[in-house]
Amino acid sequence: MRRKRHSSGYADPAGQPRLRHPIRHTTTITMIRIGSGSRAVWWACYAATDAFMNVVTRFAPSPTGTLHIGGARTALFNWLYARHWHGTFRLRIEDTDRKRSTQESVEAIFDALDWLGIDWNGEPVFQFARSARHQEVARTLLESGHAYRCYMTSEELQHSRKRARDEGRIWRYDGTWRDRDACNAPQGVAPAIRLKAPREGYTVIDDHVQGHVAIANAELDDMVLLRADGTPTYMLSVVVDDHDMGVTHVIRGDEHLVNAARQSQIYQALGWTAPGFAHIPLIHGADGTRLSKRHGATGVEHYREEGYLADALVNHLLRLGWSHGDEEVISRENAVQWFDLPAIGKSPARFDPERLSTFNRLYIRNTDDTTLACLTTSHVASRLARKVDDEEAALLVKAMPVLKERSKTLAELAQNSLFLFHARPLVIEPKAAKVLDGDALLRLADLVPRLNRLEAWDETSLELCVRAFSEECLISLGKVAQPLRAALTGSTVSPPIFDVMALLGRDECLARIKDITQAACP
RNA sequence: GUCCCCAUCGUCUAGCGGCCUAGGACAUCGGCCUCUCACGCCGAAAACAGGGGUUCGAGUCCCCUUGGGGACGCCA
């Protein structure tokens, strides 16, 4: 079993082999000795045969915008982990921020996940709908003495914070109401409920990625569980929901690492077992800072619109922070088979659009022509500002083999296919017009009768014919090919010219050439 | 500021104490192929942040420094 970069590996009684396993939180492992004496080999067997089915992961976005690259990777890792262990992957919409949450965002996130091929088990959980349950848990905590009412008003809090800032201290709630009797409560102030967190010692997270992380409890103050208006805070909601949803592994961005310690305190107060944590490093922009709007497009939908393939994005995201030896191009099947937590890197990766392009080019090349043409049609239509008819769609499929080698995105693919559909007479680009000088036009005119006489209109016959022509004229093939390209596509860049001619067909080709030669000498 | 995390080519990474004269991929630069563009093929340049330990031996383990990132809400 692969194991790397971990300080929290498990050694068996003999010291090896070492074993790291995701189910350690949920299952007991039985060690079986094979052989005897000092050469005995220990094998780990799982006590329960359904141990592998136990994994439950979740992706928990806030619906305050579309799905961004970082979120997509978090979702992917959770999905992969669940699928790898034949577990369950769930979706939870953290919509408790009523001001910023929108239904459009919820839809956008669903769409983006759908597009990426990340499917979830069961119905999504909406966090806001569960606030009664969160409140109930807070009351339990109050009753068990693990939480208390805090009557400090937000004004008092603000003053306290300001004073701390002015004195150059970092502010923490000082626990004013921690042990104060409720009979001291001021009139007319609704209390917030705070966790009575341990003040001494350390809270330890055994993170699957970050390893053993200890945070001094002195660093963590008594966090608010229920606001003065009775609504639950994120910290409480997450813990309750993860617990109720049976989540076994929380894989999320490492901006939550310290939160894990806080949440772990809530788990302890509740007497619940905390899930395994895996805090993955954030994705950074090209300048090494956290990916944000100013790094350009960060929304998944942008890449979709630009004509990136979901599989390519997934592959790229997968390789950001996770590796499997030297493997670069990894199919979904292999990703599911290979994915595991130990291979996640600890250092943040930068999002390199260039690399995504490379993956996309590769995935485009490996996609079959019909599928690719279907995906491209909408891009073509929008460029043409009209519908693409069946005949044109069929032509697009036929052209795919020569088109897909030359495009990094579907958008580019569409752009490169446009010469097939443009109405005559073609608009000739300036560079192409330069190619069509007097000599070139004369040659094109000379070539026309030969093309007319051709029996078969296919690449081979066309190439034979045009090559023979150039040899007879004692000129290089390029001297004929480039003018042909200019006349037939209006551009100096296109797929191989004989492919172009074959695709366009004899009538269209001759007509386009005629447009040019006649325009030059009417 | 306090706490936490991180550190191998420009970028993504391999590396789990001897297989490392540090490997792969993208990007870059040459060359070949060639009707343009692209593909493909061949080749080049390119990294263990610095300093101390530990060890027979350190990219790999420990410490410090430096640099980067993150968290410090009655946001999520």
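In table form, for the structure just shown:
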quantity	calculated
Pick from segment A:156-182, criterion among the small types (G, A, S) and assigned to a loop (DSSP other than H, G, I, E, B), ranking: nearest to A:L220 (Cα to Cα)	A:G175
Selection within segment A:223-240 - surrounded by fewer than 22 Cβ atoms within 10 Å (Cβ to Cβ) and either part of a strand (DSSP E or B) or charged (D, E, K, R) (or both)	A:V224, A:R227, A:D229
Of the criteria (1) under 21 Å from A:F339 (Cα atoms); (2) in contact with a helix residue (DSSP H, G or I) (Cβ under 8 Å, 6 or more places away or on another chain); (3) at pLDDT 95 or above; (4) of a type outside the set (S, T, N, Q), which one A:R90 fails	(2)
Test: residue in segment A:449-468 that is of a type in the set (F, W, Y) and more than 11 Å from RNA strand B (Cβ to nearest atom)	yes
Hits in segment A:196-215 (condition: surrounded by fewer than 17 Cβ atoms within 10 Å (Cβ to Cβ), more than 14 Å from A:Q263 (Cα to Cα) and not charged (D, E, K, R))	A:G201, A:G211, A:H212
Leading residue by the ranking (nearest to RNA strand B (Cβ to nearest atom)) among those in segment A:289-310 that are acidic (D, E) and in contact with a Leu (Cβ under 9 Å, 6 or more places away or on another chain)	A:E306
Count of segment A:457-466 residues which are open to solvent by 40 Å² or more (accessible area, probe 1.4 Å) and under 47 Å from the mean Cα position of the chain (by Cα)	5
Residues of segment A:145-183 that turn out to be open to solvent by less than 100 Å² (accessible area, probe 1.4 Å) and either in contact (Cβ under 8 Å) with a residue 12 or more places away in the chain or among the aliphatic types (A, V, I, L, M) (or both), as a count	20
Boolean, A:K431 is open to solvent by 60 Å² or more (accessible area, probe 1.4 Å), touching a residue at least 60 places away in the same chain (Cβ under 8 Å) and part of a helix (DSSP H, G or I)	yes
Within segment A:467-497, tally of residues that are surrounded by fewer than 21 Cβ atoms within 10 Å (Cβ to Cβ) and assigned to a helix (DSSP H, G or I)	11
Qualifying residue in segment A:93-113 (condition: within 11 Å of the chain's Cα centre (by Cα) and either assigned to a helix (DSSP H, G or I) or not hydroxyl-bearing (S, T, Y) (or both))	yes
Only listed residue being at pLDDT 95 or above and within 9 Å of RNA strand B (Cβ to nearest atom), chosen from A:L195, A:L226, A:L220	A:L226
Filtered residues of segment A:343-383 (kept if part of a helix (DSSP H, G or I) and open to solvent by less than 30 Å² (accessible area, probe 1.4 Å))	A:A343, A:L356, A:S357, A:F359, A:N360, A:I364, A:L372, A:A373, A:T376, A:H379, A:V380, A:A381
Pick from segment A:54-68, criterion more than 13 Å from RNA strand B (Cβ to nearest atom) and either assigned to a helix (DSSP H, G or I) or among the hydroxyl-bearing types (S, T, Y) (or both), ranking: nearest to the chain's Cα centre (by Cα)	A:T66
Subset tally (residues that are over 19 Å from A:R290 (Cβ atoms), within 8 Å of RNA strand B (Cβ to nearest atom) and in contact with an Asp or Glu (Cβ under 9 Å, 6 or more places away or on another chain)) for segment A:325-356	0
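The values are calculated or read from the model by the stated rules, or taken from the named source; none is laboratory data. What you see is a predicted model, and the numbers here were worked out from it, not measured in a lab. Every residue, glycine among them, receives a Cβ derived from its backbone with ideal geometry; neighbour counts consider all protein chains shown. These area figures cover heavy atoms from the full protein model, side chains too; ligands, DNA and RNA do not enter into them. Shrake-Rupley method; radii C 1.70, N 1.55, O 1.52, S 1.80 Å.
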